[in-house]
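Below: one structure, written as structure tokens.
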Amino acid sequence: MIRAIIVDDETDSAEVFAEFLKLKDIDVAGLGKNGKEGVELYKKHKPDVVFLDLVMPQYDGFYALEEIKRINPDARIMIITAFLTDMMKRKLDSFRVKDVFQKPYSVKEIANSLQEKIKANT
């Protein structure tokens, strides 16, 4: 079973997303509300994938992305965000993040993309 964490300051949408992922046989090990919590959850659970928002108060998604990639350069991170500028896209490219979904997103599309990537790596 795939283990995931979700890092998003929009608690309600994160909880709904977590429930959908559970229906797709993805174990959601934890929910974080900012980048610092995301890093802590990553260290604790060592998930197969991190679903990460970029714009959050205090510690943003780029903080989490940088710290998680420092811990594990091969960490699988999928970005889920409502706000994405060209500068943010370039920064994501520098971290080799290819999976970026803009809100409102299709949870089915995200789950299918994740399943395809997991199968390709097994």
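The table for this structure:
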quantity: Among (1) outside any helix (DSSP H, G or I); (2) loosely packed, with under 15 Cβ neighbours inside 10 Å, the one test that A4 misses; calculated: (2)
quantity: V16 vs. criteria in a strand (DSSP E or B) and either in contact with a His (Cβ under 8 Å, 6 or more places away or on another chain) or aliphatic (A, V, I, L, M) (or both); calculated: no
quantity: Residue within segment 28-38 that is modelled with pLDDT under 95, among the aliphatic types (A, V, I, L, M) and either within 20 Å of I110 (Cβ to Cβ) or in contact with a strand residue (DSSP E or B) (Cβ under 6 Å, 6 or more places away or on another chain) (or both) present; calculated: no
quantity: Looking only at segment 92-117, and only at residues there that are in a helix (DSSP H, G or I) and of a type in the set (G, A, S), the one that is nearest to A4 (Cα to Cα); calculated: A111
quantity: Residue, modelled with the highest pLDDT, within segment 66-91, restricted to residues that are assigned to a loop (DSSP other than H, G, I, E, B) and surrounded by 10 or more Cβ atoms within 10 Å (Cβ to Cβ); calculated: N72
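The rows are residues; the columns are (1) crowded, with 21+ Cβ neighbours inside 10 Å; (2) basic (K, R); (3) out of contact with any Leu (no Cβ under 6 Å at 6 or more places or on another chain); (4) within 14 Å of D8 (Cα to Cα).
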site	(1), (2), (3), (4)
L23	no, no, yes, no
G32	yes, no, no, yes
L52	yes, no, yes, yes
M56	yes, no, yes, yes
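The values are calculated or read from the model by the stated rules, or taken from the named source; none is laboratory data. All of these numbers come straight from a predicted model, not from anything done at the bench. Positions of Cβ are generated from backbone atoms using ideal geometry, with glycine treated the same way; all protein chains shown enter the neighbour counts.
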